[in-house]
Amino acid sequence: MPEQKKAVTPRLRFPEFRNAGPWKVKRLGEILREVRKERIESDAYEVVNVKLHAKGLERTGRKPLINSKGRPYYVVREGEILIGKQNFHNGSIALVTNEYDGFVASNAIFHLDTLRYDDKRFLVAYLARPSFYMQISDLIGGTGQKEISNQLLFALHVSIPTLPEQQKIADCLSSLDELIELEAKRLEALKAHKKGLMQQLFPREGETTPRLRFPEFRNAGPWEVKRLGELVKTITPPKKLQTSNYQPSGRFPIIDQSADDICGWTDDETAVVKGDFPLVIFGDHTCVVKLAGSPFAQGADGIKILSPTKEVDARFLFQSLQAHSIEQKGYKRHFSTLKKKLIYFPSQDSGEQQKIADCLSSLDELIELEAKQLEALQTHKKGLMQQLFPQEIDL
């Protein structure tokens with residue numbers, strides 16, 4: 001075993017535990033034990049599998065009882081603590097709830113239970129920390145897909161408080177998890193609402209009139225239709241910045257074809273794209289569509305910068321391409337396909353394009369606000385855990 005560092009009390013404790021003394025250092029094998037796994041013997045039918053990852057358990061649909069490597073699957077039961085034997089940097093650990101009782105998982109997972117009266121929620125939160133998985137990674141060493149044995153796992157040292165303090169910490173983190181889950185559901189509900197609204201505000205395939213129109217446009221007649229290539233011109237950037245030139249801050253944002261709106265910053269004025277903003281950005285390989293409202297620099301390769309003609313509003317075109325995106329077919333260029341795409345649009349002079357763009361942009365602002373609130377809660381929980389758990393262990 002590698003040399004361990006000295007146990008210390010956490011930086012933050014609830015008032016009733018401030019004089020309770022340091023947490024006790026134990027080997028994991030003194031706290032957890034492996035449970036007898038229930039193997040599925042028959043391969044005459046298929047079962048729903050669960051996947052273990054950093055965010056907990058995930059349903060992955062029906063799979064054969066024997067995987068491609070000839071390894072069996074095992075039943076998971078409510079109350080079991082599951083720890084992945086591989087990918088330790090991902091923090092793959094979860095507590096099986098009633099929702100997943102009776103599902104199956106691969107054999108590359110430890111099925112564990114407590115030996116003492118410890119709070120399982122606390123243990124899962126403690127063991128899911130990056131520092132714990134760094135212990136495992138350091139112990140295994142090397143690169144590639146390596147598995148840890150139960151002997152090595154149980155030999156690891158952990159620092160444990162009394163049961164009441166465990167429960168207090170677990171209750172606190174569980175309350176935060178509920179808030180995070182609620183915020184995530186709100187965010188998904190807003191995204192689903194926007195998606196459904198776009199399906200109504202833009203004509204369906206083969207139709208020239210949307211199913212839903214604002215009152216003042218209900219008798220305005222059908223929309224026009226043209227191929228995208230007739231409605232935009234491409235802008236060539238003065239230069240393309242390599243990822244090595246990205247900065248964490250700067251005067252101008254860098255936009256590439258990734259899912260992130262901004263991938264970095266730069267102070268290089270010679271790289272700044274000029275044009276009549278806003279401009280539509282299309283990820284040639286990823287098919288991601290973005291809207292640039294101010295000067296920016298292009299990151300690396302793979303985007304097309306589109307400046308709409310006077311026939312279409314840039315914000316309207318951006319929303320239209322989101323509503324009817326093209327299918328990504330591998331890591332190849334897709335702009336030739338996008339140029340042929342039919343775009344339906346009302347007259348620019350009617351004001352209907354702007355009305356639709358304003359409506360959907362307002363929803364985008366709400367979605368962005370919810371996303372920031374969710375991120376703030378997640379950041380708060382991460383910081384709180386760093387305070388509630390001791391940072392070092394030493395013997």
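The figures follow:
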read-out: Kirkwood Rh in Å, taken over all unlike Cα pairs in the range 224-345; value: 14.6
read-out: For the chain, built as a Gaussian network whose Cα springs stay under 10 Å, the top-fluctuating residue of Tyr100, Tyr331, Tyr133; value: Tyr331
read-out: Max mean-square fluctuation residue, GNM over the chain, Cα-Cα springs under 10 Å, options Phe252, Phe202, Phe345; value: Phe252
read-out: Ordering of 270-276, 357-363 by packing [mean C-beta count within 10 Å, highest first]; value: 357-363, 270-276
read-out: Most mobile listed residue (Leu152, Leu187, Leu173) in the chain, GNM with C-alpha springs under 10 Å; value: Leu152
read-out: Selection from Ser244, Ala271, Asn219 lying farthest towards where the dipole of the range 183-271 points positive, charges on Cβ; value: Asn219
read-out: Label assignment, percent of Cα pairs over 28 Å apart derived from the structure, set [x] 62; [y] 43; [z] 58; value: [x]
read-out: Pairs of lysine residues in the range 143-274 - Cα separation under 29 Å, sequence separation of 8 or more or cross-chain; value: 12
read-out: Cut-off under 5 Å, modelled amide H: who pairs with Gly56 long-range; value: Ile93
read-out: Percent of beta bridges antiparallel (DSSP, the range 218-298, rounded to nearest 5); value: 75
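Bear in mind these aren't lab numbers, they're just calculated from the coordinates by the rules spelled out. Bear in mind that the values here come from a model prediction, so they are computed numbers and not experimental data. Neighbour counts run over all protein chains shown; Cβ positions are idealised from the backbone, glycine included.
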